[in-house]
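The structure appears right after this line, and notes come after that.
The values are calculated or read from the model by the stated rules, or taken from the named source; none is laboratory data. A quick note: this is a predicted structure, and the numbers were derived from the prediction, not measured. When we count neighbours, we look across all protein chains shown, and the Cβ atoms used for this are built from the backbone with ideal geometry, even at glycine.
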Amino acid sequence: MERAKSWSFALRALRSRNYRLFFGGQSISLIGTWMTRIATGWLVYRLTQSPFLLGMVGFAGQMPALFLTPFAGVWVDRWNRHRTLVVTQILSMLQSFALAALALAGVINIWEIIGLSLFQGLINCFDMPGRQAFVVQMVERREDLANAIALNSSMVNAARLVGPAIAGILIAGVGEGYCFLIDGISYIAVIVSLLRMRIVRSASRPGRKRVLHELREGWAYVVQSIPIRAILLLLALVSLVGMPYTVLMPVFASNVLHGGPHTLGFLMAASGVGALVSALNLAMRKTVIGLGGIVARSAMLFGAALVCFGLSRWFWVSLVLMFATGMGMMRQMAASNTILQTILEDDKRGRVMAYYSMAFLGVSPFGSLLAGTLAAKIGAPYTVIISGILCLAGAGWFARELPRIRSFVRPIYAQLGIIPELATGIQSASQLQTPPET
């Protein structure tokens, strides 16, 4: 009975019909997405045998996020977020079908892969902030928001577990093209789920200003808030120097661990298991209090696991370290997302989540390019070791900033009723975003 209650509590966001539809459709679609990620990396390395070009494909897929996502965030705050997601999912489906057609015809080359990766990156500029901002509209009870974010992370990482495993089998058996084809078909599930939602149209924001003015307004909101600024800076650092380890996984699977596509699938699946366990643990939490400390400790775990992974030459040890890497990465990202979504003003949500997307994805292309270039010169293992050391340094800085972060976040929690005993005298969350002038 107690176990059933615990699971019911962990899944409480599914009480909302729209979120339940989204969760079901997206769970299917994300399996295809992870299949495509694995198949793309393996295809590029099979065609070129070049770590540099692995980094280049990662750069092309994520580079638009750095330059366009802040502008996309302004439009996400203006547009109907539901319709925006329908359009982005349709375009992503067409991109996957194009990859499938070229690969199955046997005519695909590296430049077509880079071009289609760039196109997907453009789509993601609108899809990621739109999806993050839309979560609030899908969840009927505000107290279920943190649980919905944790379930989103669980969903991503369950797919990250299943997708690479299926991809490894398909690549070895019939080739990469069928992974792309299945991915394209899987988008139908999320498109149908979005179309079946019952959306209450929200009032448009009054007094729209020029795009550049709203962009500056969003940037000032981020910069002047100590917790938002610190969270995004750490996320950007980890994304720049840590996350690009994924583009080097084909090198580790093939050259370091002397395996094949199955080895790559198992390594990525192990990372997915760690991330899934971490996300489920966050879903069981009853409060957002204490998440700042989790962000710091998770970044430390991620950095330490990367250092040890770079030193490992044994498959089973590497699997365990990939588990720890996935756990640290997802715990940091999901905890950061939860804190941000809790303290944000809704009229700036799209813009701030655009900067979140930029910190998570926008700097990654330069990290991917840097990792590929460095790996070509000093080898993938040393590249990953250096990445882990830099992540550990960033985690240490964030841990030192925690007292200042808490001094700003806790009054906002109090104003929201999360810490009722401190609520007396609190005026509004917006007044607490910046320190008083001295």
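Scanning for something surrounded by fewer than 21 Cβ atoms within 10 Å (Cβ to Cβ) and within 21 Å of the chain's Cα centre (by Cα), does the stretch 168-182 turn up at least one residue?
no
Residues are listed down the side, and each one gets a yes or a no for (1) closer than 27 Å to GLY41 by Cα; (2) at pLDDT below 85:
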| site | (1), (2) |
| --- | --- |
| ARG78 | no, yes |
| GLN89 | yes, no |
| LEU99 | yes, no |
| GLU112 | yes, no |
| GLY115 | yes, no |
| LEU122 | yes, no |
| ASP127 | yes, yes |
| GLY130 | yes, yes |
| ARG141 | no, yes |
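If we keep just the residues of the stretch 118-167 that are more than 14 Å from ILE31 (Cβ to Cβ) and β-branched (Val, Ile, Thr), which is nearest to the chain's Cα centre (by Cα)? Write out each step before concluding.
Here is the first cut: in the stretch 118-167, the ones more than 14 Å from ILE31 (Cβ to Cβ) are 118-153.
With β-branched (Val, Ile, Thr) added as a condition, the list becomes 123, 135-136, 139, 149.
Working: ILE123: 15, VAL135: 14, VAL136: 17, VAL139: 20, ILE149: 11 Å.
My answer is ILE149.
Which of the residues belonging to the stretch 113-148 are of a type outside the set (S, T, N, Q), in contact (Cβ under 8 Å) with a residue 24 or more places away in the chain and under 26 Å from GLY177 (Cα atoms)? It would help to see each step written out before you state the result.
Going residue by residue through the stretch 113-148, those that are of a type outside the set (S, T, N, Q) are 113-116, 118-119, 121-123, 125-131, 133-136, 138-146, 148.
Subset that is in contact (Cβ under 8 Å) with a residue 24 or more places away in the chain: 113-115, 118-119, 121-123, 125-131, 133-136, 138-141, 144-146, 148.
The answer is ILE113, ILE114, GLY115, LEU118, PHE119, GLY121, LEU122, ILE123, CYS125, ASP127, MET128.
Pick from VAL57, VAL107: which is of a type in the set (Val, Ile, Thr), free of Cβ contacts under 8 Å to residues at least 60 places away in the same chain and over 30 Å from ILE339 (Cα atoms)?
Details: VAL57 fails: free of Cβ contacts under 8 Å to residues at least 60 places away in the same chain.
One residue alone meets the criteria, VAL107.
Among LEU432, LEU422, which is among the hydrophobic types (A, V, I, L, M, F, W, C), surrounded by 19 or more Cβ atoms within 10 Å (Cβ to Cβ) and modelled with pLDDT under 50?
Testing whether each residue is among the hydrophobic types (A, V, I, L, M, F, W, C), surrounded by 19 or more Cβ atoms within 10 Å (Cβ to Cβ) and modelled with pLDDT under 50 leaves just LEU432.
Is at least one residue of the stretch 253-266 buried (at least 18 other Cβ atoms within 10 Å of the Cβ), modelled with pLDDT of 80 or more, under 20 Å from the mean Cα position of the chain (by Cα) and not aromatic (Phe, Trp, Tyr)?
The answer is no, given that none of the residues of the stretch 253-266 is buried (at least 18 other Cβ atoms within 10 Å of the Cβ), modelled with pLDDT of 80 or more, under 20 Å from the mean Cα position of the chain (by Cα) and not aromatic (Phe, Trp, Tyr).
Check the stretch 278-299 and report whether any residue there is over 27 Å from ALA165 (Cβ atoms) and in contact with a Cys (Cβ under 8 Å, 6 or more places away or on another chain).
Let us first name the residues in the stretch 278-299 that are over 27 Å from ALA165 (Cβ atoms), namely 285-297, 299.
Next, only the ones that are in contact with a Cys (Cβ under 8 Å, 6 or more places away or on another chain) stay: 299.
Within the stretch 278-299, one or more residues are over 27 Å from ALA165 (Cβ atoms) and in contact with a Cys (Cβ under 8 Å, 6 or more places away or on another chain).
Out of curiosity, is THR36 surrounded by 18 or more Cβ atoms within 10 Å (Cβ to Cβ) and within 16 Å of ARG131 (Cβ to Cβ)? Walk me through how you get there before you give the answer.
On the way: surrounded by 18 or more Cβ atoms within 10 Å (Cβ to Cβ): yes; within 16 Å of ARG131 (Cβ to Cβ): no.
Considered against the rule, which asks whether it is surrounded by 18 or more Cβ atoms within 10 Å (Cβ to Cβ) and within 16 Å of ARG131 (Cβ to Cβ), THR36 comes out as no.
Is it true that GLN427 is out of contact with any Cys (no Cβ under 8 Å at 6 or more places or on another chain), modelled with pLDDT under 75 and outside any helix (DSSP H, G or I)?
Details: out of contact with any Cys (no Cβ under 8 Å at 6 or more places or on another chain): yes; modelled with pLDDT under 75: yes; outside any helix (DSSP H, G or I): yes.
Against the criterion (out of contact with any Cys (no Cβ under 8 Å at 6 or more places or on another chain), modelled with pLDDT under 75 and outside any helix (DSSP H, G or I)), GLN427 qualifies.
Within the stretch 320-379, work out how many residues are among the acidic types (Asp, Glu) and either assigned to a helix (DSSP H, G or I) or touching a strand residue (DSSP E or B) at 6+ places or on another chain (Cβ under 7 Å) (or both). Before the answer, list the steps.
At the first step, the residues of the stretch 320-379 found to be among the acidic types (Asp, Glu) are 345-347.
When the remaining residues are screened for being either assigned to a helix (DSSP H, G or I) or touching a strand residue (DSSP E or B) at 6+ places or on another chain (Cβ under 7 Å) (or both), the result is 346-347.
Result for the stretch 320-379: 2.
Condition (residue is under 20 Å from ILE149 (Cβ atoms), in contact with a Phe, Trp or Tyr (Cβ under 7 Å, 6 or more places away or on another chain) and modelled with pLDDT of 80 or more) applied to the stretch 312-326: is it met by at least one residue? Reasoning before the result, please.
Here is the first cut: in the stretch 312-326, the residues under 20 Å from ILE149 (Cβ atoms) are 326.
Restricting the remaining residues to those that are in contact with a Phe, Trp or Tyr (Cβ under 7 Å, 6 or more places away or on another chain) gives none.
No, because not a single residue in the stretch 312-326 is under 20 Å from ILE149 (Cβ atoms), in contact with a Phe, Trp or Tyr (Cβ under 7 Å, 6 or more places away or on another chain) and modelled with pLDDT of 80 or more.
Out of the residues in the stretch 68-91 that are under 21 Å from SER29 (Cβ atoms) and without any contact (Cβ under 8 Å) to a residue 60 or more places away in the chain, which is surrounded by the most Cβ atoms within 10 Å (Cβ to Cβ)?
Residue satisfying both the conditions and the ranking: THR84.
For the stretch 58-75, which positions are of a type in the set (A, V, I, L, M, F, W, C) and under 18 Å from the mean Cα position of the chain (by Cα)?
Let us first name the residues in the stretch 58-75 that are of a type in the set (A, V, I, L, M, F, W, C), namely 59-60, 63, 65-68, 71-72, 74-75.
Result: PHE59, ALA60, MET63, ALA65, LEU66, PHE67, LEU68, ALA72.
Name the pairs: first residue in the stretch 404-416 and free of Cβ contacts under 8 Å to residues at least 24 places away in the same chain, second residue surrounded by 19 or more Cβ atoms within 10 Å (Cβ to Cβ) and assigned to a helix (DSSP H, G or I), Cβ to Cβ under 6 Å, at least 6 apart or on different chains?
Hits for this filter: PRO411/LEU432.
Please go through the stretch 285-306 and give me each residue that is surrounded by fewer than 18 Cβ atoms within 10 Å (Cβ to Cβ) and in a helix (DSSP H, G or I), ordered by number.
GLY293, ARG297, listed by residue number.
Out of curiosity, is GLN62 surrounded by 18 or more Cβ atoms within 10 Å (Cβ to Cβ) and modelled with pLDDT of 90 or more? Even if it seems obvious, please write down each step before you answer.
On the way: surrounded by 18 or more Cβ atoms within 10 Å (Cβ to Cβ): yes; modelled with pLDDT of 90 or more: no.
Judged against the criteria, GLN62 is not a match.
Is there a residue in the stretch 376-397 that is among the polar types (S, T, N, Q), modelled with pLDDT of 70 or more and surrounded by fewer than 22 Cβ atoms within 10 Å (Cβ to Cβ)? If you could, list the steps in order and put the result at the bottom.
Of the residues in the stretch 376-397, the ones among the polar types (S, T, N, Q) are 383, 387.
From the residues that got through so far, the ones that are modelled with pLDDT of 70 or more too are 383, 387.
Still in the list and also surrounded by fewer than 22 Cβ atoms within 10 Å (Cβ to Cβ): none.
No, the stretch 376-397 has no match at all.
Tell me yes or no: at least one residue of the stretch 100-112 is surrounded by 24 or more Cβ atoms within 10 Å (Cβ to Cβ), in a helix (DSSP H, G or I) and not hydroxyl-bearing (Ser, Thr, Tyr).
We begin by selecting, within the stretch 100-112, every residue surrounded by 24 or more Cβ atoms within 10 Å (Cβ to Cβ); these are none.
No - not one qualifying residue is present in the stretch 100-112.
If I ask for residues that are closer than 14 Å to LEU248 by Cβ and not aliphatic (A, V, I, L, M), which ones from the stretch 49-65 would you list?
Quick first cut of the stretch 49-65, residues closer than 14 Å to LEU248 by Cβ only: 49-59.
If the condition is that a residue be closer than 14 Å to LEU248 by Cβ and not aliphatic (A, V, I, L, M), then GLN49, SER50, PRO51, PHE52, GLY55, GLY58, PHE59 are the ones that fit.
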